[in-house]
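A.B. asks: After the structure tokens below, expect a handful of questions from me.
The values are calculated or read from the model by the stated rules, or taken from the named source; none is laboratory data. Keep in mind that what you see is a predicted model, and the values were worked out from it rather than measured. So basically every Cβ, Gly included, is an ideal-geometry build from the backbone, and we count neighbours across all protein chains shown. These accessible areas exclude ligands, DNA and RNA; they are computed on the full protein's heavy atoms, side chains included. Shrake-Rupley method; radii C 1.70, N 1.55, O 1.52, S 1.80 Å.
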Amino acid sequence: MDKMDDNEQLEILTQQIFRARIYYDLWWTSVGSETPLANAKSLEEFSEFLRFDAHAHFVTMIIHCATVWDNKYISLPRLGNEILGQERFGIHSTIWTAICDQKELANGIMKIRNEAIAHRSKFYDYDAVFERAKVIPDVLPKMMTSWLDLVNELKTIRGMKCDKVTGETDFNNLPLLDMQKLIHKLGGSDLQPRTCLDEIR
């Protein structure tokens, strides 16, 4: 099978980042809010579903994040090295420096994937998982935005159209809005018309 060119790989990498953010939003809505959905009285009937649903979003989010940095796949460091190595322009060295500056966070995400998901060496709750990996979950949206900015820098070098976002919340929020509508329907009167979900931008 022929190797995909850099443009195709950059598009795939873009989608990995967008999907990572979608799954982050769905997971964080369930477990990171001041009033987690599982604590809503009207949702107690669905508590087990919500627990496993949140965990599924967490696992998928971590897998997508890790893939952005794992050089066995279409990763930001590997593509950055290939594209910037082709250009030979000193002005682009700042892009490579910015990619390298993400190494600590990337290693933490890989640690979560390897220990808490892939190898299942021990079960940790979410707080323990992130603490061991030295990753703060509520900074991930900002970091995902910066990853997309770096991919767009590489796209610009390649003469490609960029997928710009103007802020941390300017990703695809349609799945989150659908989740909000679903929870409102399941939750009944105590989740309508306002809940912690309505505070999500």
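A.B. asks: Would you point out which residue out of 50, 10, 43 is modelled with pLDDT of 95 or more, aliphatic (A, V, I, L, M) and surrounded by 15 or more Cβ atoms within 10 Å (Cβ to Cβ)?
C.D. replies: Of the residues listed, the single one that is modelled with pLDDT of 95 or more, aliphatic (A, V, I, L, M) and surrounded by 15 or more Cβ atoms within 10 Å (Cβ to Cβ) is 10.
A.B. asks: While we're on this one: Need pairs with beta-carbon distance below 6 Å; first residue modelled with pLDDT under 90 and within region 102-121, second open to solvent by 70 Å² or more (accessible area, probe 1.4 Å) and not charged (D, E, K, R); sequence gap 6+ or separate chains.
C.D. replies: 115/121
A.B. asks: Another question, if that's okay. Take the residues of region 68-101 that are part of a helix (DSSP H, G or I), among the β-branched types (Val, Ile, Thr) and under 19 Å from the mean Cα position of the chain (by Cα): which is modelled with the lowest pLDDT?
C.D. replies: Of all residues in region 68-101, those part of a helix (DSSP H, G or I) come to 68-69, 76-87, 90-100.
Now drop any that are not among the β-branched types (Val, Ile, Thr), which leaves 68, 83, 91, 94-95, 97, 99.
Among the residues that remain, those that are also under 19 Å from the mean Cα position of the chain (by Cα) are: 68, 99.
Values: 68: 96, 99: 93.
The selected residue is 99.
A.B. asks: If the Cβ limit is 7 Å and pairs must be 6+ apart or interchain, which residue in region 70-82 that is under 13 Å from residue 95 (Cα atoms) and in contact (Cβ under 8 Å) with a residue 40 or more places away in the chain pairs with which residue that is open to solvent by less than 50 Å² (accessible area, probe 1.4 Å) and among the β-branched types (Val, Ile, Thr)?
C.D. replies: 76/68; 76/99; 76/151; 80/95; 80/99
A.B. asks: Follow-up. Suppose the filter is assigned to a helix (DSSP H, G or I), among the β-branched types (Val, Ile, Thr) and either modelled with pLDDT under 80 or open to solvent by 30 Å² or more (accessible area, probe 1.4 Å) (or both); does residue 29 pass it? Can you show your working first?
C.D. replies: On the way: assigned to a helix (DSSP H, G or I): yes; among the β-branched types (Val, Ile, Thr): yes; either modelled with pLDDT under 80 or open to solvent by 30 Å² or more (accessible area, probe 1.4 Å) (or both): no.
So residue 29 does not fit the description; no.
A.B. asks: Now for a separate question. Take the residues in region 158-187 that are in contact with a Phe, Trp or Tyr (Cβ under 8 Å, 6 or more places away or on another chain) and of a type outside the set (Val, Ile, Thr); name whichever of them is modelled with the lowest pLDDT. Steps first, please.
C.D. replies: Taking region 158-187 as the starting set, the residues that turn out to be in contact with a Phe, Trp or Tyr (Cβ under 8 Å, 6 or more places away or on another chain) are 163, 165, 171-172, 186.
Then drop every residue that is not of a type outside the set (Val, Ile, Thr), which leaves 163, 171-172, 186.
On the way: 163: 79, 171: 76, 172: 77, 186: 73.
Here the residue is 186.
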